[in-house]
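All remarks here apply to the structure that follows.
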Amino acid sequence: MNPWGEFQFSLRNRLLGRFRLRRGLPRIEISESPEHRFYELILARAFTRAELESVDTVLDVGSRNGSYLPALARSCPRARIIGVELDGGRRYWNGFRRADFGEAYAKVLREEGRDAEYHWADFRELSANTLKLPAQGAVVASLFYPFVSVDPCISWGLPAQYADFNLVLQSLRTLAGAIPEASFQILSIHQGEWERNQARSIYESADLECFEVRVNRPEFASLWPSEHDAFLIRVRI
């Protein structure tokens, strides 16, 4: 238990964080950044170019402030981009919240002609109808460094309940079950072998076959500040 973390989370996402301190949305200029190149590298290693070009919907779970939604859009040129972030009430020094930035990124993509949206919500409470997932086509749920254990979850100021990767998987399977004619895949990215092993054991316990790619740290050291190799796990539901 982490009562202080629970209290902070409630303040951010249920109370004070719901108040706008500034009007409108922050100004966003989409440019290719090291972070964007990192995500594009990850996607290019996990999928072939033809697979990325055939994706109809990307559901990004844990989208933070939406900063890498443009990278997802570039990598999947025909896809609808949906970002979902639980902790959208985190506020920056300029008074804007994560959710404000997320909506700003989605708005810029829409202005460029893309179908993009950002939800400040617990994705486990969202249905396929709410998200307007397609009855057919290719859907990819992306999870960049999801929590698979309690300690990092708590250190980020989230209640421990959000570290249960089993519940994340159950929710994704529920979404996939609601659109049985669609092709539904999960791409989860994990840092270090321990987190990879934890996630893989959960997938395999659910009788799901994993396709895995390891990206060694030197390949992305200048793009992303992690001390560990990245493990990409693809699962088809």
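The values are calculated or read from the model by the stated rules, or taken from the named source; none is laboratory data. Since the model is a prediction, treat every value here as computed from it, not as a measurement. We place every Cβ from the backbone using ideal geometry, glycine too, and count neighbours over all the protein chains shown.
Can you name the condition, by its number, that G113 falls short on among (1) in contact (Cβ under 8 Å) with a residue 24 or more places away in the chain; (2) not in a strand (DSSP E or B); (3) not aliphatic (A, V, I, L, M)?
It fails just one condition, (1).
For E227, are the conditions met, namely being part of a helix (DSSP H, G or I), acidic (D, E) and either touching a residue at least 40 places away in the same chain (Cβ under 8 Å) or touching a Lys or Arg at 6+ places or on another chain (Cβ under 9 Å) (or both)? Full working, then the answer.
Details: part of a helix (DSSP H, G or I): no; acidic (D, E): yes; either touching a residue at least 40 places away in the same chain (Cβ under 8 Å) or touching a Lys or Arg at 6+ places or on another chain (Cβ under 9 Å) (or both): yes.
No, not satisfied.
Does A106 count as part of a loop (DSSP other than H, G, I, E, B), free of Cβ contacts under 8 Å to residues at least 60 places away in the same chain and hydrophobic (A, V, I, L, M, F, W, C)?
no
Quick one: is P180 in a loop (DSSP other than H, G, I, E, B) and either surrounded by 15 or more Cβ atoms within 10 Å (Cβ to Cβ) or not aromatic (F, W, Y) (or both)?
Working: in a loop (DSSP other than H, G, I, E, B): yes; either surrounded by 15 or more Cβ atoms within 10 Å (Cβ to Cβ) or not aromatic (F, W, Y) (or both): yes.
Criteria met by P180.
Would you please list the contacts, defined by Cβ atoms under 6 Å and residues six or more apart or on different chains, that run from a residue in segment 23-41 that is over 26 Å from A230 (Cβ atoms) to a residue that is assigned to a loop (DSSP other than H, G, I, E, B)?
P26/F96
In the list R49, R45, R23, R80, which residue meets the criterion of being out of contact with any helix residue (DSSP H, G or I) (no Cβ under 8 Å at 6 or more places or on another chain), exposed (fewer than 12 other Cβ atoms within 10 Å of the Cβ) and modelled with pLDDT of 95 or more? If you could, list the steps in order and put the result at the bottom.
Details: R45 fails: exposed (fewer than 12 other Cβ atoms within 10 Å of the Cβ); R23 fails: modelled with pLDDT of 95 or more; R80 fails: exposed (fewer than 12 other Cβ atoms within 10 Å of the Cβ).
When all the criteria are applied, what remains is R49.
Filtering segment 83-110 down to residues that are among the aliphatic types (A, V, I, L, M), touching a strand residue (DSSP E or B) at 6+ places or on another chain (Cβ under 6 Å) and closer than 17 Å to A121 by Cβ, which residue is surrounded by the fewest Cβ atoms within 10 Å (Cβ to Cβ)?
Among them, the one singled out is V84.
Looking only at segment 189-223, count how many residues are in contact with a helix residue (DSSP H, G or I) (Cβ under 6 Å, 6 or more places away or on another chain) and not hydrophobic (A, V, I, L, M, F, W, C).
1
If I go through segment 129-157 residue by residue, how many of them are over 25 Å from E195 (Cβ atoms), in contact (Cβ under 8 Å) with a residue 24 or more places away in the chain and touching a strand residue (DSSP E or B) at 6+ places or on another chain (Cβ under 9 Å)? Before the answer, list the steps.
First, pick out the residues of segment 129-157 that are over 25 Å from E195 (Cβ atoms): 129-138.
Next cut, in contact (Cβ under 8 Å) with a residue 24 or more places away in the chain only: 129, 131, 133-138.
Now narrow it down to the ones that are touching a strand residue (DSSP E or B) at 6+ places or on another chain (Cβ under 9 Å): 131, 133-138.
Total satisfying the criteria: 7.
Within the bounds of segment 214-234, is there any residue that is under 20 Å from A46 (Cβ atoms), of a type in the set (D, E) and either exposed (fewer than 15 other Cβ atoms within 10 Å of the Cβ) or out of contact with any strand residue (DSSP E or B) (no Cβ under 8 Å at 6 or more places or on another chain) (or both)?
The answer is yes, given that some residue of segment 214-234 is under 20 Å from A46 (Cβ atoms), of a type in the set (D, E) and either exposed (fewer than 15 other Cβ atoms within 10 Å of the Cβ) or out of contact with any strand residue (DSSP E or B) (no Cβ under 8 Å at 6 or more places or on another chain) (or both).
Out of curiosity, is D60 within 30 Å of G177 (Cα to Cα) and surrounded by fewer than 18 Cβ atoms within 10 Å (Cβ to Cβ)? Please lay out each step first, then the result.
Numbers: within 30 Å of G177 (Cα to Cα): yes; surrounded by fewer than 18 Cβ atoms within 10 Å (Cβ to Cβ): no.
Against the criterion (within 30 Å of G177 (Cα to Cα) and surrounded by fewer than 18 Cβ atoms within 10 Å (Cβ to Cβ)), D60 does not qualify.
Looking at (1) closer than 20 Å to R124 by Cα; (2) of a type in the set (G, A, S); (3) not in a strand (DSSP E or B), find the lone condition where S222 falls short.
(1)
With the checklist (1) in contact (Cβ under 8 Å) with a residue 24 or more places away in the chain; (2) farther than 13 Å from Y145 by Cα in hand, flag the one item E212 doesn't pass.
Failed condition: (1).
Can you name every residue in segment 35-61 that is outside any helix (DSSP H, G or I) and farther than 16 Å from G83 by Cα? First the steps, then the outcome.
Filtering segment 35-61 down to residues outside any helix (DSSP H, G or I) leaves 47-48, 55-61.
Across segment 35-61, the qualifying residues are F47, T48.
Residues to consider are G88, G66; find the one that is under 14 Å from the mean Cα position of the chain (by Cα), within 17 Å of Y162 (Cβ to Cβ) and part of a loop (DSSP other than H, G, I, E, B).
It is G88.
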